Amino acid sequence: MKFQVLAARFALVLTCALTMAAPAAAQFWQCAPYARSISGIEIRGNANTWWSQAAGRYERGRAPKVGAVLAFSSTSHMRMGHVAMVSAVVNDREVLLTHANWSRRGGIETNVRAVDVSANGDWSMVKVWYGPQHGLGTSAYPTKGFIYSDHPGHGDTAEPDTDMPKMTLASATTSPTNTADF
C-alpha cells in the first residue's frame, strides 16, 4: 500500500514538473526575426526599418511574389510596422501570408489571406486575416511594398531556419496583433 502512495506522489510531482517545463520550450516569435528566418532576407531591426534597409540590397516593388516580404508601414496601432512573407499568390489582389505576431502575440500563422484594398491596386493598403474575428478584420493597413528575396523558393516551406521548436498558434482559420519587433 505504501508503494502505491509513493508512486502516486511521484507521478503527481513529475506531472507538475512537465507541465511547468513545456512553456519554457515554446518559441515566442516577433515578426521581423521570423520573416528573416523563412524568407532568407537578411535584414535586422524593427519591421518599420526593413523597407529603407532593403534599398540597394534587395529589389523592391509593388507586385507580390512567393518568398517576398510585404513591409507594412508604421501606424498609431502598429508603431514598429510589420513584415510578412508571401507564401502564395492567389491573384493580383490577393495573397497568402506566413507571419508571426499578428492575431496572437508571439504566434505563427501560415497561409493566411491578405487582400489589396488600395484604390489603385498597388498593394499600398491591405486587409489581413485576423484570427479573433475569423476574417479579414475591420482595419486596413498601409504598406510600403514587397522586398524580393534573392533566394528563390526559400520561403516555400514556411519553416524557420533555426533549431528552435516551432509553435504554431494559428493557421488559415485563425490569425495576431503586432508589438515591437527586435
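Structure values in brief
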item	result
Strands (runs of 3 or more DSSP E) lying entirely in region 83-130 (those with 3 or more residues that are open to solvent by less than 30 Å² (accessible area, probe 1.4 Å) and of a type outside the set (Val, Ile, Thr))	94-100, 108-116
Looking only at region 38-82, and only at residues there that are aromatic (Phe, Trp, Tyr) and within 16 Å of the chain's Cα centre (by Cα), the one that is surrounded by the most Cβ atoms within 10 Å (Cβ to Cβ)	Trp50
Residue ID - farthest from Val115 (Cα to Cα), chosen from residues in region 50-76 that are free of Cβ contacts under 8 Å to residues at least 24 places away in the same chain and among the polar types (S, T, N, Q)	Gln53
Residue in region 86-109 that is farthest from the chain's Cα centre (by Cα), counting only those that are within 14 Å of Trp129 (Cα to Cα) and of a type in the set (A, V, I, L, M)	Val95
Check on Gly121, closer than 24 Å to Gly61 by Cβ, at pLDDT below 95 and out of contact with any strand residue (DSSP E or B) (no Cβ under 8 Å at 6 or more places or on another chain)	no
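The values are calculated or read from the model by the stated rules, or taken from the named source; none is laboratory data. Bear in mind the structure is a predicted one, so any value in this text is a computation, not a measurement. FYI the Cβ positions are ideal-geometry reconstructions off the backbone, even for glycines, and counts take in every protein chain you see. For accessibility, only protein heavy atoms count, side chains too; no ligands or nucleic acids. Shrake-Rupley method; radii C 1.70, N 1.55, O 1.52, S 1.80 Å.
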